[in-house]
Every structure is written in structure tokens, then in C-alpha cells.
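The structure under discussion appears below in the form of C-alpha cells.
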Amino acid sequence: MRKSLITTAVLVGLAAPTMVFAEDAAPAAPAGPTLMQGMNFPLGNNPNPLSFEAGPLGKVYVSGALSGMVLTQNHKAASDGFGKEEQTSYGDLSNAQVILQKPEGFFQFYVQGGGYSLPTVGSSYTKSTKESSDMFGYIPVAYAKLAPTDSFSIQAGKLPTLIGTEYAFTFQNTNIERGLLWNQENIFSRGVQANLTLGPVAISGAVTDGFYTQDYKYLTALATYTINDSNAISIAAGGNPSGTKAADIDNKFVSSTSIYFANSQQYNLYYKNVTGAWTFQPILQYTKVDSDKSLGISNSGHTLGGSLIVNYDFNENYSLAARGEYIKETGSLGLLAFGNNAPKAYSFTLTPTYKQKSFFVRADLSYVKVTDGSDFGANGAEDNQARAIGEIGFIF
């Protein structure tokens, strides 16, 4: 049953005349360097990055991000998830990354390397040195691309996920911290992806190892219909038709240890509207794990969540963004990453931003609360957590 549902969803995603924003599907021959496969408002790419001629390869662009952050929180956890005690306050490099890319011509490539942290509401904070070495390594993204036409391309390597509207690194996102819905999605995968652009429709499909399992059975699809300059609608789907056993998971990286996520199904619907100084982005998300005793999954479970991200640009320098989320888990698999006793959670995040060309400074004020359980604090006795984060940096 799981196989038929996922296969149908992926085929629909590949064929439907809808979904994901054109920038997310990565057209084969962009007008200039993209910095990353996704950049959310209000920050943006450097429109004039450094470049050099690389002989037969042609022009290669050099870009990246350098930023630092300070964080303070209440109800710290006993552990940061890597065996170290979590702190009440941190000072850290949130990004120290360099990107080399060739986004033009038949042969293209993209390599992103350096250090990073992945702050997420409701999750323990891990410093960038540990995060970078123990999650996706110091080269989290690296792929080669063949683009025979302006509308079609194939790429292979370490790829950003096609699922979700929030991206991996802080500088890519509206808020410094990623949200509760993001925590259900895979981040990077290793595999092959195809991209097709047909007028206002951009479609991508991939065969990868999903949640970084190194078991190459996970299928994802993403499609975006750009209605006009102000509106776009997107759909994404992903799943593992044949299933991954625990013995087949590469446990080198922490992100690949859950048998539940390795076999999860993901379905997302996004909408984006830009009206004057306002940007609205509502998101609906459904994830599911079917019971399968042959895979060691004795119970089923699912999550249903919604999010709204809003940004208002006061002028070209100042903006204020807000995100509200709600997510509910059915079952006892611990898919919310708060433990098995927190089937519902909500969060609010407020992010004022100042930007001047490549420079930016911003703050996050966030609050997350879980119900029917208590999962924060050194003894797991608290049901909420508040954080304040400041970040300053450059996108070059």
C-alpha cells in the first residue's frame, strides 16, 4: 500500500502543472550565479560576486556567507544531542562558507564548503564546529550538472532537498532559526535530480538517499506554477517505496539514525504572495510513517502541520518578519523530536532585519510550547522554551 501511494504522489508531482517556486527548481541556465538553490526574503544573493576564468571550464563564480551569532535561552536541555551539556548562552559562527560554481553552459557545477550551525526552534543548539563535522561534513553541497538546453538539466552529487520552504543555512531564511515543520524534512541527500522548466511551470524530481541514509531508494518531486509576478503555488512529495532497513542505514551522520524518518512520506503545499511591501507564505505539511514489521517499525504515525511566514519591508534596509506554526503528531513514534509525550506543539518567531548591500544584522525572538508532555529543561520537566538570537554577517 505504501509503495502505491508514494509512487502515485511522485508521478503526480512530476506531471502536475503546479508547484514550487521557479528559483527552487533551479533552471538549467540561470542568468547569473544563484548562490544557493534557495534564498528566502528579505535577504538576497550578492548580484555581483567575484569571478575568474578557469580555462576550458569558462567563468567560475566565488560567493558565500560569513556570519556570527549570539544565543540565550531558558529551559536548556541536558544534552545538545551530541553528548555534550547544552548551555544557556552561546557565541558562535553561524556561517563561514565559500561557494564555487559554474552556472552556465552545458557542464556546470556547484560546491559549497565551510562551517555552519543549524539553529531550530525547540531543538538543542549545537556549535558549528560539532554540527559541521558530525552532520553533513564541511562540504555539505557538491554536485555536477549537465544542461543540454535552457529548460532541462540533470545534476548528481550532494543535493539540497526538494521538500520544504525553509532551507538549511541561517542566511537563506527569513528567520534565523528554522521551524517545527522544517524539523520533519530531510535537509541534504545524495543522488540524482532532473529539472524541467516549461514556461511558468518548474518541475524537479530526484532519486536519493533521502535522510542521508546512503540507501538510494528515496523519491522526491517538486513542482511550481508561477501564476504571475506576485503569486506562485507549489507542491512537493517524497517517500521510500521499497523501504530502508536499519542495517542499511549509514550511521556515520547523526541525521541518518532514525528508521522512522528513513521510511517517512512527506507531502507539502506552499503558496507565496508578494503585495507591495508585504510577503505572505502559508505552508501545509503532512508526514506519515507506516508500520512495517519487516523494517522494524511496529507502529504507524503521522504529523499534520501548518505555518505562516509574513514579512514587511519598511524600506530597502529595514524589514520585520513573523512566523507562526502549529503541528500535531498522531501515534507514539516521537516524530516531533520532542520525545514520545508531545503530540502537539506550536511556535512563534519574530525577526527584525537590517540590511545594507551585502551586510546584514538581525534578531530572532522565539517561543515554542509543547502540550500533553514536558520535554524542555535539564530534567525534561518544562513544556516551553524562549530564545533570543542576534546574527550579524555578510553575503558576498
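Miscellaneous remarks
- The range 182-203: number of residues that are open to solvent by less than 10 Å² (accessible area, probe 1.4 Å) and within 16 Å of the chain's Cα centre (by Cα): 4
- Filter result (open to solvent by 60 Å² or more (accessible area, probe 1.4 Å) and over 25 Å from Gln108 (Cα atoms)) within the range 49-73: Val70, Thr72
- Looking only at the range 357-391, residues that are modelled with pLDDT of 95 or more, open to solvent by 20 Å² or more (accessible area, probe 1.4 Å) and within 17 Å of Thr174 (Cα to Cα) come to 7 in all.
- Test result for Asp209, touching a Pro at 6+ places or on another chain (Cβ under 8 Å) and among the acidic types (Asp, Glu): no
- Selection of the range 273-305 for residues being open to solvent by 40 Å² or more (accessible area, probe 1.4 Å) and either over 17 Å from Ile163 (Cα atoms) or at pLDDT below 90 (or both) yields Val274, Thr275, Gly276, Trp278, Phe280, Ser291, Lys293, Ser294, Gly296, Ser298, Asn299, Ser300.
- Test: residue in the range 159-170 that is closer than 30 Å to Gly105 by Cβ, in contact with a helix residue (DSSP H, G or I) (Cβ under 7 Å, 6 or more places away or on another chain) and part of a loop (DSSP other than H, G, I, E, B): yes
- Set side by side, the residues Ser79, Ser123 differ, and just one is over 26 Å from Pro49 (Cα atoms) and open to solvent by 40 Å² or more (accessible area, probe 1.4 Å), which is Ser79.
- The range 222-258, residues that are of a type outside the set (Gly, Ala, Ser) and at pLDDT below 90: Thr244, Lys245, Asp248, Ile249, Asp250, Asn251, Lys252, Phe253, Val254, Thr257
- Residue ID - least open to solvent (accessible area, probe 1.4 Å), chosen from residues in the range 156-176 that are at pLDDT 95 or above and among the small types (Gly, Ala, Ser): Gly157
- Matching entry among Tyr260, Tyr212, Tyr225, Tyr270 (being hydroxyl-bearing (Ser, Thr, Tyr), farther than 27 Å from Ile99 by Cα and open to solvent by less than 10 Å² (accessible area, probe 1.4 Å)): Tyr270
- Residue check, Ala321 in a strand (DSSP E or B), modelled with pLDDT under 95, among the small types (Gly, Ala, Ser) and open to solvent by less than 10 Å² (accessible area, probe 1.4 Å): no
- Top-ranked residue in the range 324-350 [being aliphatic (A, V, I, L, M) and either open to solvent by 30 Å² or more (accessible area, probe 1.4 Å) or modelled with pLDDT under 95 (or both); ranked as nearest to Asn384 (Cα to Cα)]: Ala345
- Candidates Asp229, Asp250, Asp150, filtered to the one that is over 28 Å from Asn46 (Cα atoms) and of a type outside the set (Phe, Trp, Tyr): Asp250
- Check on Phe136, farther than 26 Å from Thr351 by Cα, touching a residue at least 60 places away in the same chain (Cβ under 8 Å) and either over 18 Å from the mean Cα position of the chain (by Cα) or outside any loop (DSSP other than H, G, I, E, B) (or both): no
- Any hit, the range 84-95, residues being open to solvent by 60 Å² or more (accessible area, probe 1.4 Å), under 30 Å from Asp383 (Cβ atoms) and at pLDDT below 85: yes
- Any hit, the range 349-364, residues being farther than 16 Å from Gly44 by Cα and among the aromatic types (Phe, Trp, Tyr): no
- Considered as a group, the residues in the range 96-109 that are of a type in the set (A, V, I, L, M, F, W, C) and touching a residue at least 40 places away in the same chain (Cβ under 8 Å) include one that is least open to solvent (accessible area, probe 1.4 Å), and that residue is Ile99.
The values are calculated or read from the model by the stated rules, or taken from the named source; none is laboratory data. Just so we're clear, the structure is a prediction, and the values are computed from it rather than from any experiment. In this analysis, Cβ positions are derived from the backbone assuming ideal geometry, glycine residues included, and neighbour counts consider all displayed protein chains. Just so you know, the surface numbers come from the protein's heavy atoms only, side chains and all, with ligands and any DNA or RNA stripped out. Shrake-Rupley method; radii C 1.70, N 1.55, O 1.52, S 1.80 Å.
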